[in-house]
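Notes follow once the structure below has been shown.
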Amino acid sequence: MQGNGRVCAARALRSLALFLAFLGPSRPPLGSDSGDLQGASLSPRVAKTWCGTYPGRAEDEKTLHRINAERRLGGLTRAAAALNADIGNIAVIEDDGAIVAPANKFDLVKGAKLLFTPAGDSGFTVSRGGVRFQTGGHKLSGYVGGGADLGVPSDDGYAEVPFGSGFTFSFYGKTYDRVFVGTNGFITFGSGDFNSPAFVSLNAFAIRQPRIAAFWTDLDVTHAGIFVKQAPRRFVITWRKVPLYGQAGSNTFQVQLFPDGRIAFLYRGMTDAPEIIGLSPGGGLAEPLQVDLSHPDRSPVVGAPFERFTDLTEVDLLALAQAFYRTHGDDYDFLQIWTDFRTDLSNAFAYEVPVRNNIRGIGLPLFDDSALYGSAGRLQSVLRLNRPGVYPNDPGQIFLGLNSALSIFAQEQGHRWMAFVHFLDSGQPSEGLLGRDLAHWSFDFNTESTISARGNRHSSSMEGNVIAAEGSGTFGTVESSVNYYSELDQYLMGFRGPDEVSDTFLVIDPGVDPKRSPQSGVTIIGSRKTIRLVDIIAAEGPRDPAYPDAQKDFRAAWVLLVQQGTSPSTVTLNKLETFRSAWEAYFNKAIEGRGSLSTSLLPPGQVSDP
């Protein structure tokens, strides 16, 4: 009892100190956000596809939670007095050692060699060395898929390469006579992969094509090359001096395939790090199993062995949510997560993680993972919003493409309901409305928001563009910013009835990458296709609950995670409070008063109605 008393007293003192810091200036403690980017330009990799929301993100978070739980079983000691206190309307949670996972830096240096030897049809043993780097081969060209069909032949494409000289290769019990070589550091079997998430995904690794990932990340071989070499006893693929997208590095690595099913990875001249290395039979046939490839165990790995690399610490969102619910009631539809320190977001700027869906007709399956997050059934999604210092001080300032902080929040919030719907086109469901990762509106979709006016037009926060006809078969994007929601958006969210959704249009065959982020001043050549809500309902079914019965009022908690042994600065707390109140007002304006979002924390013991 005495020990518990000391813990409670320590928490009370820490809570008082934080409250006093919130009221007035103080010396920025460890974890202060005051020296961050303040809206500075982002790296090309992040700016390319800044939103990290994609189908499978929820499964990735659960896998990372499982990996972190295995780490904790290895002897982690929790910090007994970790802080969990509300400062104003910000829930401050201190890492207790179980929420923040350490970085796993890429350690397969120049000259590293890995050999995977089949152990039956369902696993491999992993060893170091045993093979030599092979030189020579012919350079691949004619990539297809991704940007390859849109004038970017060496970014996010693949090439189909048949084996020659009677060579075949067996992988997880199946024999193949060809391979599909991806520009992003992997090969697949059965088909090429160019529509995988823009952000490397463990879920995609598990469920998509059978895959050998030697250096899976966002690479660009435009000014480098991939070479293949056929020999009687091996087939060799070499990525030579390939940089990360938007970077100036150089990475040379190689995959060797042997007729008996052995696989070799070889690395030389590496300046960067991959996100995933590993093998998978695809199709959800095996669970991804993390291994230490620098010090492999001699026992066979049954399943899909992989290692995931990060330069920064990672946040276990499920563990963080569980910590929140230890001191808060199940009164929140959304948790909006911040940190005041740099963490790994997989090259994203922000993203949404779906937790529960009970709505039909919006393109999402029904599911409920709320218990895994510590919720008793109310939590719908978690928004990962980065750290305050990467945003300008003015939440309405445009700084990321055509986005402000508020429209970024609106996109991640909107992912609770969209953009996932198909429409019926000539009797067949079409995904033509969808762009990047099949989770954003297509660049070629007219998505003008309901709060838009002549001279100051806005496209939906869920992307797409405001598209105007400029002549026969010629269109142009004309928005001044990404802001608010369209009529279709509001229907999917439950704030508008089907009779209140006007027809809009899609530009067909434009020769413009539908995965692009919104951009004003782009000319699109194509034909106009009218998009009616009835065609979406024909493909997805009507929204259920329908508009009259849909939930209209929501509550979100803003949660700030701080590092173990630190407290947030006054600067951070004040900025978050400014953003929080501005976001609440923005969202309620974006839905035109048809419902509400409250971001205030409830006092202990007070319950809100869902």
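Quick notes on this one:
- Sorted on the mean count of surrounding Cβ atoms within 10 Å across their residues, most packed first, peptides 319-328, 590-599 read 319-328, 590-599.
- Rounded to the nearest 20, the size of the Cβ-charge dipole of the chain about its Cα centre is 1940 debye, with Lys and Arg at +1 and Asp and Glu at -1.
- Ranked by how many other beta carbons lie within 10 Å on average, peptides 214-225, 540-551, 419-430 from highest: 214-225, 419-430, 540-551
- The relative contact order of segment 372-507, computed from alpha carbon pairs under 8 Å that lie at least 6 residues apart in sequence, is 19 percent.
- Space enclosed by the convex hull of the alpha-carbon atoms of segment 330-395, per residue, Å³: 135 Å³
- Per-residue ellipticity at 222 nm, computed for the chain from helices alone with -39500 (n - 2.57) per DSSP H run of at least four residues, works out to -5500 deg cm²/dmol.
- Of LYS113/LYS139; LYS515/LYS552; LYS552/LYS589; LYS174/LYS241, pairs whose Cα-Cα distance is over 20 Å: LYS113/LYS139; LYS515/LYS552; LYS174/LYS241
- Over segment 448-498, the reciprocal of the mean inverse Cα-Cα separation, the Kirkwood hydrodynamic radius, stands at 11.4 Å.
- Net charge dipole size for segment 523-581 [Lys, Arg +1 and Asp, Glu -1 on Cβ; Debye, nearest 20]: 260 debye
- Annotation: extensible slack from LEU424 through ALA371 equals 15.5 nm (criterion: 0.36 nm per residue apart, minus Cα-Cα distance).
- Beta bridges by DSSP in the chain, antiparallel share as percent, to the nearest 5: 75 percent
- For segment 341-472, the gyration tensor built on C-alpha atoms gives an oblate shape. Its axis ratio a/c (a ≥ b ≥ c) is at least 1.5, and a/b is not larger than b/c.
- If you model segment 417-541 as an ellipsoid using its alpha carbon gyration tensor, with each semi-axis the square root of five times an eigenvalue, the axes come out at 20, 17, 13 Å, biggest first.
- Relative to the 2.2 N^0.38 Å rule of thumb, segment 122-273 has a C-alpha radius of gyration ratio of 0.98.
- Charge dipole magnitude, Cβ of K and R +1, D and E -1 - segment 405-543, Cα centre, debye nearest 20: 180 debye
- Maximal additional length on extending the LYS110-SER165 stretch stands at 16.6 nm, based on 0.36 nm per residue less the C-alpha distance.
- Legend: Rg and Dmax of segment 540-610, from Cα coordinates, 16.4, 51 Å.
- Zero-based 20 Å bins, Cα pair distances in the chain, whole percents: 19, 50, 29, 2, 0
- Computed from backbone phi, the HN-Hα couplings of segment 300-310 come to x, 9, 8, x, 10, x, 7, 9, 9, 10, 9 Hz, rounded to whole numbers (Karplus: 6.51 cos²θ - 1.76 cosθ + 1.60, θ = phi - 60°; Gly and Pro given as x).
- Highest-first packing order for the peptide set 456-468, 349-361 is 456-468, 349-361, based on the mean count of other beta carbon atoms within 10 Å.
- q = 0.17, 0.18, 0.20 Å⁻¹, segment 491-549: log10 I(q)/I(0) [Debye, one scatterer per Cα]: -0.74, -0.79, -0.87
Laboratory data are not the source of any read-out in this text; all were calculated from the coordinates shown. Since the model is a prediction, treat every value here as computed from it, not as a measurement. So basically every Cβ, Gly included, is an ideal-geometry build from the backbone, and we count neighbours across all protein chains shown.
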